[in-house]
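The values are calculated or read from the model by the stated rules, or taken from the named source; none is laboratory data. Everything quoted here is computed from the prediction, not taken from an experiment. As a convention, Cβ positions derive from the backbone with ideal geometry for all residues, glycine included, and neighbour counts pool all protein chains shown. Ligands, DNA and RNA are excluded from the accessible area calculation, which covers all protein heavy atoms including side chains. Shrake-Rupley method; radii C 1.70, N 1.55, O 1.52, S 1.80 Å.
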Amino acid sequence: MTTESEAQVSEAQIAAHWREEEYVYPPPKFIGQANVSDPAILDRFREDRFPECFKEYADLLTWEKYWETTLDTSNAPFWRWFVGGRLNACFNCVDRHLPKYRNKAAFIWVPEPEDAETQVITYQELYRRVNEVAAVLREHCGLKTGDRVTIHMPMVPELPVTMLACARLGIIHSVVFGGFSGAACGDRIADSESRVLISMDAYYRNGELLDHKAKADEAVEVAARAGVQVERVLVWRRFPGRYESATPMVAGRDEFMDEVLRTYRNRIVDPVSMPAEAPLFLMYTSGTTARPKGCQHSTGGYLAYVAGTSKYYQDIHPEDTYWCFADIGWITGHSYIVYGPLALAATSVMYEGVPTYPDAGRPWRIAERLGVNIFHTAPTTIRMLRKLGPDEPKKYDYHFKHMTTVGEPIEPEVWRWYHQVVGKGEAVIVDTWWQTENGGFLGSTLPALQPMKPGSCGPGVLGIFPVILDEEGREVPPGSGKAGNMVIRNPWPGIFQTIWGQPDRFIDIYYRKYNRNPNSKDWHDWPYFAGDGALQAADGYFRILGRVDDVINVAGHRLGTKELESAALTVEEVAEAAAVPVIDELRGRAVEIYASLKPGFQPSKEIEDKISAAIERLIGPIARPKSVWIVPDMPKTRSGKIMRRVIAGISNFTSPGDITTLANPEVVDVINRRVRSAKVERGQVPRELSEAELEEIRAFGKVE
Ligand code: WT7
């Protein structure tokens, strides 16, 4: 028998065997035009140049007042970057480009219906629209600097216009992914105490015009129950002048944005000068408890970091046509569709719909038509396009110089299809590892200078010094073949400032684990715990294995087990629920729910469906479980904690691991037999897992 801490060490250190992939080198043509191809930059960002090295990023921006202190650590770990500096994010993304790029496209928006007209929004047009919306926010809604506004919108140009209008006034925007339910939006409205909700009537998804306004009504109701009254709902219309939702407008609360805007035609609103550390936006993400975390991002540090990484890692030049195929409702979209590209005066493509509508050739037709040369997406999309249209890219005449993958580990085989077929062997790939909390990339290769390695994100990016630590805080050396926790030793300008309204939780989750002294004001004492397991090869490249906390990464979207479980627990028959990940060929991971019922209830298909429906209603369709298993009892420790790793093992057909310490080991066999036979019957037998995947399942929801 091992003690508790020995068991943890050995789990974190289990060797995860994986084949070292060969390097793939960037094409000379790419190197010749890259924003950075001189290795001197690696020197400028050496650790002994930290934190001043980040001046190079901040100098990409236009400051109204230059800062005095690059990094203030006096209230560690609440870092303050570029202290004393003043700037406006909207001015940096829009106004300052007008003299040179007035009539260059800022956004090119592609509606989902293929016969609908593409919309080109020049910097001049963006400037006009943003100013008009800013006038509405300030004069019509009475909003001011520091207020929060929740934006729940699909992928339409009015979304970045609304965000930039907020930024112009120093209003903190909180964009909720359009696919999230009204209830999830309502929770986030309540947490951020937004008095104004900005929504839309409808949008296209998979050929259907979906009613979105209905979610606004539910969101307002949920927020009200949590004690926050939304005073105003502004509704953009997908077709101005034509209301496409079946939900009535609420008199005195709801207004059509196109109607309100009439009064503000051609109005100009001066950008508000903001301190560098003023919050720019909140982005909610999932963690280990049911309450979502509002990651608060700064104005100066964040914008400098996304501008710098967009320039060097995305290799964006103003002449490029850049398409990040993500949703603006996630951090990827904030940083790498809106703020980073616009800070560099790029042309950023936005697409309304799903990648495979009307067929798996759609993205490549868009790329061909618009002359896209930088393409950015997630492994889940790549897997789907590969499955449904493996030969489609060949049919279209487009040429990428650069491609990105982000959000989850990419299998080397999928990487090679991306490189050879999508990229036609002509493009570099960057595999960018980072998180909602981080603002921008943390792990990636510098595309013209560092070779690619399929399946690895690469080393830490410029100015980022990652290390792998074991549970006791000992360094796991590169090349040891041992897994451990991904940790960043230093702060950086893009790091979030706090969790909105929960500063203690901010310290607990990200800094408590490896902090050397809670009173220290020296950043060296505050390593950042990312919550990912990883391996580092001898060449310094990292391979991310996945989350070590109670988070399930479905198609690049983070879902907290507690959020899923509390949604399942709203079904009245359910006594206990546990959410676990199953390996899924397309989405990376999918969710399975185990539930036990209150006394007097019998398992039924009806209850299973109720559980699925509750999760979909409370979180959104992305969280819909692959299966719901109603079980007689949950495997539990003697102290009553549900052993998620045991059921995760059952769901994935791996060994449930050591069950001798359970209070009820006999139930494992009962559940195992039930789930296995049902999966065999449904043709859902999982493939054999890799070592890394086995390790993830073994470590899932560690509670020993
Ligand atoms: C988690 C963060 C910020 C990007 C979108 C997701 C996983 C992210 C990679 C990558 C392997 C990755 C990690 C991370 N992840 N990028 N390139 N390779 N895993 O943001 O929702 O905050 O999720 O996504 O597990 O912790 P997020």
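What pairs come up if the first residue lies in the stretch 420-443 and is over 30 Å from Trp79 (Cα atoms), the second is within 9 Å of the ligand (Cβ to nearest atom) and at pLDDT 95 or above, and their beta carbons are under 6 Å apart, counting only those six or more places apart or on different chains?
From residues that are over 30 Å from Trp79 (Cα atoms), there are no pairs.
Can you say whether Glu572 is assigned to a loop (DSSP other than H, G, I, E, B), more than 18 Å from Asp549 (Cβ to Cβ) and modelled with pLDDT of 90 or more, as far as the supplied structure shows? Outline the logic, then answer.
Working: assigned to a loop (DSSP other than H, G, I, E, B): yes; more than 18 Å from Asp549 (Cβ to Cβ): yes; modelled with pLDDT of 90 or more: yes.
Against the criterion (assigned to a loop (DSSP other than H, G, I, E, B), more than 18 Å from Asp549 (Cβ to Cβ) and modelled with pLDDT of 90 or more), Glu572 qualifies.
Please determine, by comparing only the residues of the stretch 389-409 that are free of Cβ contacts under 8 Å to residues at least 60 places away in the same chain and either among the small types (Gly, Ala, Ser) or open to solvent by less than 10 Å² (accessible area, probe 1.4 Å) (or both), which one is nearest to the ligand (Cβ to nearest atom). I'd like the intermediate steps shown before the answer.
So in the stretch 389-409, the residues free of Cβ contacts under 8 Å to residues at least 60 places away in the same chain come out as 389-400, 403, 405.
Add one more test, that the residue is either among the small types (Gly, Ala, Ser) or open to solvent by less than 10 Å² (accessible area, probe 1.4 Å) (or both), and what stays is 389, 393, 398, 400, 403, 405.
Values: Gly389: 23, Pro393: 22, Tyr398: 24, Phe400: 18, Met403: 13, Thr405: 6 Å.
The extreme case among them is Thr405.
Suppose we filter Ala578, Ala530, Ala567 for residues that are surrounded by 24 or more Cβ atoms within 10 Å (Cβ to Cβ) and within 13 Å of the ligand (Cβ to nearest atom); which single one remains? Walk me through how you get there before you give the answer.
Details: Ala578 fails: within 13 Å of the ligand (Cβ to nearest atom); Ala567 fails: within 13 Å of the ligand (Cβ to nearest atom).
Step by step, each of Ala578, Ala530, Ala567 is checked, and only Ala530 is surrounded by 24 or more Cβ atoms within 10 Å (Cβ to Cβ) and within 13 Å of the ligand (Cβ to nearest atom).
Only helices (runs of 4 or more DSSP H) wholly contained in the stretch 30-109 count here; list those with 3 or more residues that are surrounded by 15 or more Cβ atoms within 10 Å (Cβ to Cβ) and touching a residue at least 12 places away in the same chain (Cβ under 8 Å). Break it down stepwise before answering.
Details: elements: 40-44, 55-58, 89-93, 98-101.
Answer list for the stretch 30-109: 55-58, 89-93.
Based on this model, can you work out whether Ala345 counts as in a loop (DSSP other than H, G, I, E, B), open to solvent by less than 20 Å² (accessible area, probe 1.4 Å) and modelled with pLDDT of 95 or more? Steps first, answer last, please.
On the way: in a loop (DSSP other than H, G, I, E, B): yes; open to solvent by less than 20 Å² (accessible area, probe 1.4 Å): yes; modelled with pLDDT of 95 or more: yes.
Here the answer is yes, as Ala345 does meet what is asked.
Please find, within the stretch 110-125, the residue that is farthest from the chain's Cα centre (by Cα) out of those that are in contact (Cβ under 8 Å) with a residue 60 or more places away in the chain and crowded, with 19+ Cβ neighbours inside 10 Å.
Quick first cut of the stretch 110-125, residues in contact (Cβ under 8 Å) with a residue 60 or more places away in the chain only: 110-114, 118, 123.
Then drop every residue that is not crowded, with 19+ Cβ neighbours inside 10 Å, which leaves 110-112, 123.
Details: Val110: 22, Pro111: 23, Glu112: 22, Tyr123: 27 Å.
Taking the candidates together, the pick is Tyr123.
Would you call Lys293 farther than 23 Å from Glu563 by Cα, open to solvent by less than 20 Å² (accessible area, probe 1.4 Å) and charged (D, E, K, R)? Don't jump to the end; show me each part of the working.
On the way: farther than 23 Å from Glu563 by Cα: no; open to solvent by less than 20 Å² (accessible area, probe 1.4 Å): yes; charged (D, E, K, R): yes.
So Lys293 fails the test.
Any residue in the stretch 224-236 that is more than 21 Å from Val260 (Cα to Cα) sitting within a Cβ distance under 7 Å of a residue that is in a loop (DSSP other than H, G, I, E, B) and open to solvent by 60 Å² or more (accessible area, probe 1.4 Å)? List the pairs, counting only those 6 or more apart or interchain.
Note: pairs meeting the criteria are Val228/Glu193.
If you check every pair at least six apart or on different chains, which have Cβ atoms under 9 Å apart with a residue in the stretch 136-147 that is in contact (Cβ under 8 Å) with a residue 60 or more places away in the chain and more than 13 Å from Ile172 (Cα to Cα) first and a residue that is open to solvent by 20 Å² or more (accessible area, probe 1.4 Å) and among the β-branched types (Val, Ile, Thr) second?
Val136/Thr263; Glu139/Thr263; His140/Thr263
Can you confirm whether the stretch 540-548 contains a residue that is open to solvent by 30 Å² or more (accessible area, probe 1.4 Å) and more than 16 Å from the ligand (Cβ to nearest atom)?
First, pick out the residues of the stretch 540-548 that are open to solvent by 30 Å² or more (accessible area, probe 1.4 Å): 543, 547-548.
Filter once more, keeping what is more than 16 Å from the ligand (Cβ to nearest atom): none.
Within the stretch 540-548, not a single residue is open to solvent by 30 Å² or more (accessible area, probe 1.4 Å) and more than 16 Å from the ligand (Cβ to nearest atom).
Would you mind stating whether Phe441 is open to solvent by 30 Å² or more (accessible area, probe 1.4 Å) and either within 13 Å of the ligand (Cβ to nearest atom) or under 19 Å from Pro51 (Cβ atoms) (or both)? Write out each step before concluding.
Working: open to solvent by 30 Å² or more (accessible area, probe 1.4 Å): no; either within 13 Å of the ligand (Cβ to nearest atom) or under 19 Å from Pro51 (Cβ atoms) (or both): yes.
Considered against the rule, which asks whether it is open to solvent by 30 Å² or more (accessible area, probe 1.4 Å) and either within 13 Å of the ligand (Cβ to nearest atom) or under 19 Å from Pro51 (Cβ atoms) (or both), Phe441 comes out as no.
Answer yes if at least one residue in the stretch 470-477 is touching a residue at least 24 places away in the same chain (Cβ under 8 Å), acidic (Asp, Glu) and within 16 Å of the ligand (Cβ to nearest atom), and no otherwise.
no
Of these, Ile366, Ile382, Ile316, which one is surrounded by fewer than 24 Cβ atoms within 10 Å (Cβ to Cβ) and more than 16 Å from the ligand (Cβ to nearest atom)? Break it down stepwise before answering.
Working: Ile382 fails: more than 16 Å from the ligand (Cβ to nearest atom); Ile316 fails: surrounded by fewer than 24 Cβ atoms within 10 Å (Cβ to Cβ).
Selected residue: Ile366, the only one of Ile366, Ile382, Ile316 that is surrounded by fewer than 24 Cβ atoms within 10 Å (Cβ to Cβ) and more than 16 Å from the ligand (Cβ to nearest atom).
In the stretch 478-494, how many are within 16 Å of the ligand (Cβ to nearest atom) and in contact with a Pro (Cβ under 8 Å, 6 or more places away or on another chain)?
3
Residues checked against (1) farther than 26 Å from Pro412 by Cα; (2) assigned to a loop (DSSP other than H, G, I, E, B):
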site	(1), (2)
Ser612	yes, no
Glu616	yes, no
Pro632	yes, yes
Ser639	yes, yes
Pro656	yes, yes
Asn664	yes, yes
Asp669	yes, no
Val675	yes, no
Glu693	no, no
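Please go through (1) open to solvent by 10 Å² or more (accessible area, probe 1.4 Å); (2) in contact with a strand residue (DSSP E or B) (Cβ under 6 Å, 6 or more places away or on another chain) for Asn206 and return the number of the only condition it doesn't satisfy.
Exception for Asn206: condition (2).
Across the stretch 500-527, what is the total count of residues that are open to solvent by less than 40 Å² (accessible area, probe 1.4 Å) and within 12 Å of Pro77 (Cβ to Cβ)?
11
Going by the conditions given, is Val354 in contact (Cβ under 8 Å) with a residue 12 or more places away in the chain, surrounded by fewer than 18 Cβ atoms within 10 Å (Cβ to Cβ), under 20 Å from the mean Cα position of the chain (by Cα) and more than 30 Å from Glu22 (Cβ to Cβ)?
Working: in contact (Cβ under 8 Å) with a residue 12 or more places away in the chain: yes; surrounded by fewer than 18 Cβ atoms within 10 Å (Cβ to Cβ): yes; under 20 Å from the mean Cα position of the chain (by Cα): yes; more than 30 Å from Glu22 (Cβ to Cβ): yes.
So Val354 passes the test.
Can you confirm whether the stretch 495-510 contains a residue that is in contact (Cβ under 8 Å) with a residue 12 or more places away in the chain, out of contact with any Ser or Thr (no Cβ under 7 Å at 6 or more places or on another chain) and within 11 Å of the ligand (Cβ to nearest atom)?
Scanning the stretch 495-510, I find at least one residue that is in contact (Cβ under 8 Å) with a residue 12 or more places away in the chain, out of contact with any Ser or Thr (no Cβ under 7 Å at 6 or more places or on another chain) and within 11 Å of the ligand (Cβ to nearest atom), so the answer is yes.
Please work out which residue is surrounded by the most Cβ atoms within 10 Å (Cβ to Cβ), limiting yourself to the stretch 465-499 and to residues that are modelled with pLDDT of 95 or more and of a type in the set (Gly, Ala, Ser).
Going through the qualifying residues, I end up with Gly494.
For the stretch 320-338, which residues satisfy the criterion of being in a loop (DSSP other than H, G, I, E, B) and among the aromatic types (Phe, Trp, Tyr)? Quick ask: steps written out before the conclusion?
Initially, the stretch 320-338 is screened for residues in a loop (DSSP other than H, G, I, E, B), giving 320, 325-330.
Scanning the stretch 320-338 gives Phe325, Trp330.
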